[in-house]
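Below: the structure, in structure tokens.
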């Protein structure tokens, strides 16, 4: 039995939820003054396909923390040419029956600006209030325990993979996650042979299901209604009964099989002991669509343009089983493809969607949360000849946006960012 929460913790939670989860709320007042401008994205077309041998699903989940090419290392790398990008963005598709195909893509309307500066984030010229925050010390995560928050937007967009990772709904039947959650760079993980995705929902008993004592739910309801009638024959307030029934509901995972998995070829390249996380993302298509609000994709070329360089993400950390864990922090360093930060996280949060809050329509429209990256996890990074540890997120660039959108819609006309 767990101890009841203290008054201080309850007040703290209410304050956090009121400011973070309520519709139209904001972490800082400055965030509401920022909006994204219109951008162009390249067009990705499928050029050819080839059938591959069915995967063996033999890879074990690795707990090793690889050393990856850091910011300085990446700056020394030559800018990939269109032909190289086409090779890296070509992809594998694995279906639930084990069929695997390789698709070679072709880039059209490509520009070198697509990699870095195809859009911008504009903020009003109010001074930003920055504050220091302790990292790798006090745990800065928020464990969301209230079922009304965990089953409603934005926390309801966070999903759990049967392989132990997290992900985020980016359409009614598509989940964005990390590539390493399904593939180790050489082979698909054992758990992906029957991969499932869990969405957190409220559990309610089905119509006609019997309660204790052998009476059906309908019989129990009729008896309850008879007991609460007033002497004049009128019913008493039904709100109390509905509330009591609602309190008995619990949150559970509703699991859905994955119809197909798509991984970019860029993730399947490894050189020596260095691992490139630039393409550590994958898209899962579910067999059954969820009638839930999802989170749109977006692109922010420079997170520093967002107030305090702040990002947010929620996932299912292993030390908080069955609970949604939310966090936010500032990005410390960023390269063309990666964001380096110290957001507190535990194993299990990998694959979570990283998002920011921006206004549409030049700052005159409604504010929206948009997924701009995927949390990859803890990595050792070479910085100035020394190894430093960071939590790393893969950023969605215009080219990656075009690819993920192509996977979702298969129609370039629907892959425009505004």
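The values are calculated or read from the model by the stated rules, or taken from the named source; none is laboratory data. Only a predicted model underlies this, so the values are computations on that prediction, with no experimental measurement involved. Note that we place each Cβ from the backbone using ideal geometry, even for glycine, and neighbour counts take in every protein chain shown.
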Open item on the list: Where the second residue is assigned to a helix (DSSP H, G or I) and crowded, with 22+ Cβ neighbours inside 10 Å and the first is at positive phi and without any contact (Cβ under 8 Å) to a residue 60 or more places away in the chain and lies in segment 299-315, which pairs have Cβ atoms under 6 Å and are six or more apart or on separate chains?
Closed with: 309/303
Open item on the list: For segment 407-418, give me each residue that is modelled with pLDDT of 85 or more and surrounded by fewer than 16 Cβ atoms within 10 Å (Cβ to Cβ).
Closed with: 409, 410
Task: Whichever residue in segment 244-277 is at pLDDT below 85, in a strand (DSSP E or B) and surrounded by fewer than 17 Cβ atoms within 10 Å (Cβ to Cβ) and, among such residues, is farthest from the chain's Cα centre (by Cα) - done: 271
TODO: Filter segment 389-418 for residues that are without any contact (Cβ under 8 Å) to a residue 40 or more places away in the chain and either closer than 20 Å to residue 73 by Cβ or in a helix (DSSP H, G or I) (or both) and give the result.
DONE: 409, 413, 414
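If you take the residues in segment 172-187 that are assigned to a strand (DSSP E or B) and modelled with pLDDT of 95 or more, which one is surrounded by the fewest Cβ atoms within 10 Å (Cβ to Cβ)?
In this case the residue turns out to be 174.
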Task: residue 404, sole failed condition from (1) surrounded by fewer than 23 Cβ atoms within 10 Å (Cβ to Cβ); (2) at pLDDT 85 or above; (3) touching a strand residue (DSSP E or B) at 6+ places or on another chain (Cβ under 8 Å) - done: (1)
Open item on the list: Suppose we filter 354, 325, 331 for residues that are farther than 18 Å from residue 142 by Cβ, in contact with a strand residue (DSSP E or B) (Cβ under 7 Å, 6 or more places away or on another chain) and part of a strand (DSSP E or B); which single one remains?
Closed with: 331
TODO: Among the residues of segment 289-314, count how many are assigned to a helix (DSSP H, G or I) and touching a helix residue (DSSP H, G or I) at 6+ places or on another chain (Cβ under 7 Å).
DONE: 3
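For segment 369-376, state whether one or more residues are surrounded by fewer than 23 Cβ atoms within 10 Å (Cβ to Cβ), out of contact with any helix residue (DSSP H, G or I) (no Cβ under 8 Å at 6 or more places or on another chain), at pLDDT below 90 and not in a helix (DSSP H, G or I).
No: zero hits.
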Task: Flag if residue 348 is modelled with pLDDT of 90 or more and closer than 30 Å to residue 108 by Cα - done: no
Open item on the list: Which of the numbered conditions does residue 322 fail, given that it passes all the others? Conditions: (1) more than 28 Å from residue 406 (Cβ to Cβ); (2) surrounded by 20 or more Cβ atoms within 10 Å (Cβ to Cβ).
Closed with: (2)
Open item on the list: Condition first: surrounded by 13 or more Cβ atoms within 10 Å (Cβ to Cβ) and either out of contact with any strand residue (DSSP E or B) (no Cβ under 7 Å at 6 or more places or on another chain) or under 26 Å from residue 52 (Cα atoms) (or both). Now tell me which residues in segment 72-81 satisfy that.
Closed with: 74, 80
TODO: Run down 280, 317 and say which single residue is under 18 Å from the mean Cα position of the chain (by Cα), assigned to a loop (DSSP other than H, G, I, E, B) and over 28 Å from residue 251 (Cα atoms).
DONE: 280
- [ ] Might you let me know whether segment 146-168 holds any residue that is assigned to a helix (DSSP H, G or I) and farther than 16 Å from residue 324 by Cα?
- [x] no
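With the structure loaded, tell me whether residue 85 is in a helix (DSSP H, G or I) and at pLDDT 75 or above or whether it fails that test.
When the stated conditions are applied, residue 85 passes them.
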Task: residue 388 over 18 Å from the mean Cα position of the chain (by Cα) and surrounded by fewer than 20 Cβ atoms within 10 Å (Cβ to Cβ) - done: yes
